[in-house]
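The values are calculated or read from the model by the stated rules, or taken from the named source; none is laboratory data. Quantities reported herein were computed from a predicted structural model and do not represent experimental measurements. Backbone-built Cβ (ideal geometry, glycine too); neighbour counts: all protein chains shown.
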């Protein structure tokens, strides 16, 4: 029996790591783009312990470095920080995002950045979609048997948006679906 990884993947194959940075929970999602098709590889959440900021950032950096070493993505897509009403929260989120970007850059991955609005528009067709809509569409687009956690779904959505160049639903494989109230049905 031959192991499938011994055969070269098609030249149109790209493995994308999506990252939804957070100081408490950082979501990650890995998918393969083969031609115009997307295939789920892995997803999960990195939870940091309570404690000092440097130690929490180290957990994000080290954990994402492990994900990168295990899944060997070709590219990374990271959600951009939104400006929060609480400037301290925005700064902390920015530092978590910096640790996530450093993990990708240390692995020599090209990093693309997308706003939450761009990600939601690309995946749901509505830039103001709620988390449940994003989870449902990620599950449907990647043909997952279960609903991913909100953080993992956001990371997978970021990877999906990147896979389709942030072009919205027009670039997604939506055959057999139609839009109703901003949702694919």
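Quick notes on this one:
- Here residue 77 fulfils each of the conditions (1) over 11 Å from the mean Cα position of the chain (by Cα); (2) buried (at least 20 other Cβ atoms within 10 Å of the Cβ); (3) touching a residue at least 60 places away in the same chain (Cβ under 8 Å) apart from (1).
- Annotation: of all residues in the stretch 130-153 being crowded, with 22+ Cβ neighbours inside 10 Å, closer than 19 Å to residue 81 by Cβ and in contact with a helix residue (DSSP H, G or I) (Cβ under 8 Å, 6 or more places away or on another chain), the one that is modelled with the highest pLDDT is 153.
- Looking across the stretch 84-115, the residues that are over 17 Å from residue 30 (Cα atoms) and assigned to a loop (DSSP other than H, G, I, E, B) come down to 84, 85, 86, 115.
- Subset of the stretch 65-94 (residues that are modelled with pLDDT of 95 or more and within 12 Å of residue 22 (Cβ to Cβ)): 78
- Residues in the stretch 65-74 that are surrounded by fewer than 19 Cβ atoms within 10 Å (Cβ to Cβ), assigned to a helix (DSSP H, G or I) and touching a strand residue (DSSP E or B) at 6+ places or on another chain (Cβ under 6 Å): 71 alone.
- Filtered by the rule that a residue be loosely packed, with under 15 Cβ neighbours inside 10 Å and either in a helix (DSSP H, G or I) or at pLDDT below 95 (or both), the stretch 52-64 gives 53, 54, 55, 58, 62.
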